[in-house]
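Reviewing the structure listed below.
Since every read-out is calculated from the coordinates, none of them should be taken as a lab result. Not measured: the values here are computed from a predicted model. Here the Cβ positions follow ideal geometry from the backbone for every residue, glycine too, while neighbour counts run over all protein chains shown.
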Amino acid sequence: SVARRAVAEAAQHDKVARPVGFVPLPPPCPGKIRHFKI
Amino acid sequence: VPAAPPAPLGCDDPKSEAAAEAAVNYINGHSHHGFKFTLNRIENIRVLPQGPNNEVIFLELDLLETTCHILSPTALENCTVRSFTDHAVEGDCDVKLQNVNGQLSVVASKCHSNADSSEDIRQLCPQCPLLAAWNDTEVQAAVTEALNDYNSKNAGAYLKLLEIGRAKIQHHPEHIVFVEFAVAATNCSTEEANVETCQLLPDDQSNFGFCTATKVIRPSKELQVNCQLYGHQVPTPDTPLLSRVFWSINTS
């Protein structure tokens, strides 16, 4: 199906785009908690 | 080819932290009641370029209440953050800043404060006292008694109540009322009988102070009062103001 092909392509693209040792960046926001989560 | 738009600024970016620091200083500087707040987390940041070296920054901040009253000269970095079990109060602020040539200025700010849920504190600490309303009769009685006790045992200017900053009541195993309140010096001495006519001295940091009191109601009656008068600083020319020691008076 079209949906399955799209998912497979995206997965393949994702595999190609990541170099060896790739570490995903933390999300830009929200930032770190300095004291405690309320 | 048009230049690619700059990557979105992360909340932990040094530029975001500088903007948050300016915002927190502004918020504390423009508050006249309660306690100083400190940054807990930058929730979100949006930057809108306005032209060369000019941008508008929108910040969403999560702040936490400290133990320093807003009138205290103690620098924010030296103020203790209230713990979760102290029934912490959180501040949620939206702040708009302008950054012109690296100079940050706050254009607008809007904050709401909320106390942590009593149920959450009960789960973690079943015996911990919980925040009480400032107009609670037990709170009002504890503050009046504490201030009278302080004035009766200390010479110098007669102190009047400015505001009740915080109060907590514990019911079990002992019945205890904890209060924190700001005071101001008057033109009367504590020896003068007619304190109703006493007038507050002009607004000057040296005329303010802050008291904490613990009133045990059950099983035995006991009162402990501790007042710190901000004017009683010990100036030392070679140390910055932030590290000066403030003289405190204890009465029990």
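When segment B:42-86 is limited to residues that are part of a loop (DSSP other than H, G, I, E, B) and within 11 Å of chain A (Cβ to nearest Cβ), the one that is nearest to B:Glu119 (Cα to Cα) turns out to be B:Ser83. When residues in segment B:97-116 are screened for being surrounded by 16 or more Cβ atoms within 10 Å (Cβ to Cβ) and hydroxyl-bearing (Ser, Thr, Tyr), 1 of them pass.
Checking each residue in segment B:14-30 for being within 12 Å of the chain's Cα centre (by Cα) and surrounded by 15 or more Cβ atoms within 10 Å (Cβ to Cβ) picks out B:Ile27, B:Asn28. For segment B:95-109, the set of residues classified as assigned to a strand (DSSP E or B) and out of contact with any Asp or Glu (no Cβ under 6 Å at 6 or more places or on another chain) consists of B:Val95, B:Lys96, B:Leu97, B:Gln98, B:Val100, B:Gln103, B:Leu104, B:Ser105, B:Val106, B:Val107, B:Ala108, B:Ser109, listed by residue number.
For segment B:175-193, does any single residue satisfy the condition of being exposed (fewer than 15 other Cβ atoms within 10 Å of the Cβ) and closer than 26 Å to A:Ile38 by Cα? The answer is no, given that none of the residues of segment B:175-193 is exposed (fewer than 15 other Cβ atoms within 10 Å of the Cβ) and closer than 26 Å to A:Ile38 by Cα. Considering only residues that are out of contact with any Phe, Trp or Tyr (no Cβ under 8 Å at 6 or more places or on another chain) and in contact (Cβ under 8 Å) with a residue 60 or more places away in the chain, which ones fall in segment B:87-96? Answer for segment B:87-96, where residues must be out of contact with any Phe, Trp or Tyr (no Cβ under 8 Å at 6 or more places or on another chain) and in contact (Cβ under 8 Å) with a residue 60 or more places away in the chain: B:His87, B:Cys93.
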